[in-house]
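Scroll down for the structure; my scribbles are underneath it.
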Amino acid sequence: MAGIRIENLAKTYYIKDRKITALSDINLEVDDNSFVTVVGRSGSGKTTLLRILCGLEEKSQGQIYYTKGEDIISKPKISMVFQEPRLMPWLTVEENIGFSLINENPKVKKRKVDLHLELLGLKAFKDAYPNQISGGMAQRVALGRTLCYDPEIILMDEPLGALDAFTRQNLQREIVNLFANRQKTVIFVTHDVDEAILLGQKVVILEKGSVKKQIPIDLPYPRSPESERFFKYRQEILRTIMGN
Amino acid sequence: MTKAKKVLKSLFLPAAIFAIWYLTSNAGILNTYIIPPPQEIFETAAVLIKKGTLAKHVASSLYRVFFGFLLAFILAFPTAVLIGIIRPLEDYLILIIEFVRHVPPIACIPMLILWLGIGESSKIAVIILAAFFPIFLNTLNGVINCDYRLLEVGDVFGFSVKDKFFKIILPSAIPYVTVGMRLGLGYSWRALIGAELIAASSGIGYMIMDAEQLSRPDIIIVGIITIGMLGYVIDLLFFSLTAKLSSWNKEGAKSWQELE
Ligand SMILES: Nc1ncnc2c1ncn2[C@@H]1O[C@H](COP(=O)(O)OP(=O)(O)OP(=O)(O)O)[C@@H](O)[C@H]1O
Ligand SMILES: [Mg+2]
């Protein structure tokens, strides 16, 4: 279990001699075992933030601390679910789920894989290859693979972005169920405002590489997009993003 | 059903050629001294098979191909992997690779005979020269073209360099490697026959050469047919053995013969 404290984080890219500020002056606190969603327009730096957090990208400036209560701890197990499933095409669904467990005892591995196949409703497809399953199914496998790795912090970059509305709704519901009773810290990036409110205990709005606003969502799970308060949150977030 | 049809269709042209060959030579249109009639070829083949001559030559050719091919693989595969992973090495090797790759193995045979004699080692060397580059270049291509997005998956699961190599780079290169091996096998077969034609005391190439000296075109034709058929059978065999390994990769299968 671990939280994250980000201080003055900045990231600049250079394309030829042109400087691109992807992130600047990010200050953000993500509590232990909390589910935080990040929204923002395309290019606001959402992906860059996640990539820096899981070490795929170097930061240019600032500090990232991992916390446990008030204490600062060393970097915990942290992993990421990408926007595309990124399954290994030569492995079956079952093998993909267990992909991260390379040094695990075979018996333990089998138990963990079976558990996650069950949990994500993939049992019937365990012998299928990635090119034989649907996009929604593939994203489910990707999620199962990361859960199987059992990181303390899970970063998700629009994992449902490429799915149709129905599949999306189902998976949103499943994600709520999966994380409701799990000790995990999650940062979930999306550009769907409803999704952000549906899932997050806190919604972070990014704009042009900075945190524009953080809105705690005080609604019990499972949430319904039809409710009055949901509507108000949506209004507030949309207004913040649109800038009026 | 469709498969049987396919086989039938593929047999059509060879059958037609045999028929025309049979009819024209028996009607006296073809000079049977230059091209003996098919029935004579079959008779010769039957004799060569019965005496065990054909089997002996085939065996020594096959032995050379497999042994040489194995050595080529042992040399080419690790080299390609090494260069694929340590990219700066390529800069040092590029000229040598490009140079040797464009010299046909056959052109080296006189030199090889000078160095290694006309025994087995010069044949094996020719095969290594022929099979090395397809295996090397395709493996290199496979290693280099490993999808960085899959490698990032390894990163987010805390894989070591070794884990990433064995769990991501290598498996994703397998279709390329098998394409390279398949090409290499075909190349070594052709190069070997060339080598046996020039200097050997056994092998199908030698059998053909020997038949020329004895003015036995029938034996030459039996030799040629054997070479073609064996080459095809080896390729089919290799393909069916490795198809499962790369069945997940449809693009890889398509890309065969694009390289080298
Ligand atoms: N590797 C890179 N090189 C140069 N610039 C980059 C690189 N990666 C991202 N950027 C720039 O950083 C900015 C933020 O990009 P990022 O991908 O984080 O946005 P995003 O919020 O994830 O957008 P989207 O919703 O479209 O995924 C963009 O202006 C982008 O062009
Ligand atoms: Mg993004």
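Some points to look at:
- Within the set A:Pro220, A:Pro225, A:Pro159, the sole residue that is assigned by TED's automatic domain parsing to the domain that holds A:Lys59, within 16 Å of ligand 1 (Cβ to nearest atom) and closer than 26 Å to A:Gly121 by Cβ turns out to be A:Pro159.
- Criterion applied to A:Gln183, A:Gln139 was being of a type outside the set (A, V, I, L, M) and not in a loop (DSSP other than H, G, I, E, B), and the one residue passing it is A:Gln139.
- Note on region A:146-161: among residues that are within 16 Å of ligand 2 (Cβ to nearest atom) and within 14 Å of another protein chain (Cβ to nearest Cβ), the one that is surrounded by the fewest Cβ atoms within 10 Å (Cβ to Cβ) is A:Asp157.
- So A:Arg86, is it within 16 Å of ligand 2 (Cβ to nearest atom), on the phi > 0 side of the Ramachandran plot and within 14 Å of another protein chain (Cβ to nearest Cβ): yes
- Check on B:Ile227, crowded, with 24+ Cβ neighbours inside 10 Å and either within 27 Å of B:Leu75 (Cα to Cα) or under 20 Å from the mean Cα position of the chain (by Cα) (or both): no
- Matching residues in region B:146-166 - criterion: being part of a helix (DSSP H, G or I), at the interface with chain A (Cβ under 8 Å from one of its Cβ atoms) and not aliphatic (A, V, I, L, M): B:Arg149, B:Glu152, B:Asp155, B:Asp163
- Residues that are farther than 18 Å from A:Ser79 by Cα, within 16 Å of ligand 2 (Cβ to nearest atom) and of a type outside the set (Ser, Thr, Tyr), drawn from region A:17-53: A:Ile20, A:Ala22, A:Leu23, A:Ile26, A:Val39, A:Gly40, A:Arg41, A:Gly43, A:Gly45
- Each residue in region A:54-80 was checked for being away from ligand 2 (no atom under 16 Å from the Cβ), within 14 Å of chain B (Cβ to nearest Cβ) and in a loop (DSSP other than H, G, I, E, B), and 6 pass.
- Those residues of region A:41-71 which are over 25 Å from B:Tyr148 (Cβ atoms) and touching a residue at least 24 places away in the same chain (Cβ under 8 Å), in sequence order: A:Arg41, A:Gln61, A:Gly62, A:Gln63, A:Tyr65, A:Tyr66, A:Thr67, A:Lys68, A:Gly69
- Of the numbered criteria (1) within 16 Å of ligand 1 (Cβ to nearest atom); (2) in contact with an Asp or Glu (Cβ under 7 Å, 6 or more places away or on another chain); (3) polar (S, T, N, Q); (4) more than 29 Å from A:Pro220 (Cα to Cα), the one A:Thr21 fails is (2).
- Leading residue by the ranking (farthest from ligand 1 (Cβ to nearest atom)) among those in region A:33-53 that are more than 14 Å from chain B (Cβ to nearest Cβ), farther than 18 Å from A:Glu207 by Cβ and at pLDDT 90 or above: A:Ser34
- Scan of region A:54-65 for residues that are more than 10 Å from ligand 1 (Cβ to nearest atom) and acidic (Asp, Glu), ordered by number: A:Glu58
- Qualifying residue in region A:7-30 (condition: farther than 23 Å from A:His191 by Cβ and within 18 Å of the chain's Cα centre (by Cα)): no
- Any hit, region A:190-208, residues being assigned by TED's automatic domain parsing to the domain that holds A:Leu122, β-branched (Val, Ile, Thr) and closer than 21 Å to A:Ala2 by Cα: no
- Here the condition is being closer than 26 Å to B:Phe133 by Cβ, crowded, with 24+ Cβ neighbours inside 10 Å, more than 10 Å from chain A (Cβ to nearest Cβ) and not hydroxyl-bearing (Ser, Thr, Tyr); of B:Gly194, B:Gly180, B:Gly186, it holds for B:Gly180 alone.
- All conditions in (1) at positive phi; (2) in a strand (DSSP E or B) hold for A:Gly43, with the sole exception of (2).
- For region A:170-183, the condition of being modelled with pLDDT of 90 or more, away from ligand 1 (no atom under 13 Å from the Cβ), aliphatic (A, V, I, L, M) and touching a helix residue (DSSP H, G or I) at 6+ places or on another chain (Cβ under 9 Å) holds for none of the residues.
- A:Ser44 out of contact with any strand residue (DSSP E or B) (no Cβ under 6 Å at 6 or more places or on another chain) and among the polar types (S, T, N, Q): no
- Residue within region A:90-104 that is in contact with a helix residue (DSSP H, G or I) (Cβ under 9 Å, 6 or more places away or on another chain), facing chain B (nearest Cβ under 10 Å) and within 16 Å of ligand 1 (Cβ to nearest atom) present: no
- Yes/no for A:Arg234 being without any contact (Cβ under 8 Å) to a residue 60 or more places away in the chain and over 14 Å from A:Ser34 (Cα atoms): yes
- Residues within region A:96-108 that are within 24 Å of B:Leu245 (Cα to Cα) and either in contact with a Pro (Cβ under 8 Å, 6 or more places away or on another chain) or assigned to a helix (DSSP H, G or I) (or both), tallied: 3
- Scan of region A:1-20 for residues that are surrounded by fewer than 16 Cβ atoms within 10 Å (Cβ to Cβ) and out of contact with any Pro (no Cβ under 9 Å at 6 or more places or on another chain), ordered by number: A:Arg5, A:Glu7, A:Asn8, A:Thr12, A:Tyr13, A:Tyr14, A:Ile15, A:Lys16, A:Asp17, A:Arg18, A:Lys19, A:Ile20
The values are calculated or read from the model by the stated rules, or taken from the named source; none is laboratory data. Note that the coordinates shown come from a computational prediction; the quantities given were computed from them, not determined experimentally. When we count neighbours, we look across all protein chains shown, and the Cβ atoms used for this are built from the backbone with ideal geometry, even at glycine.
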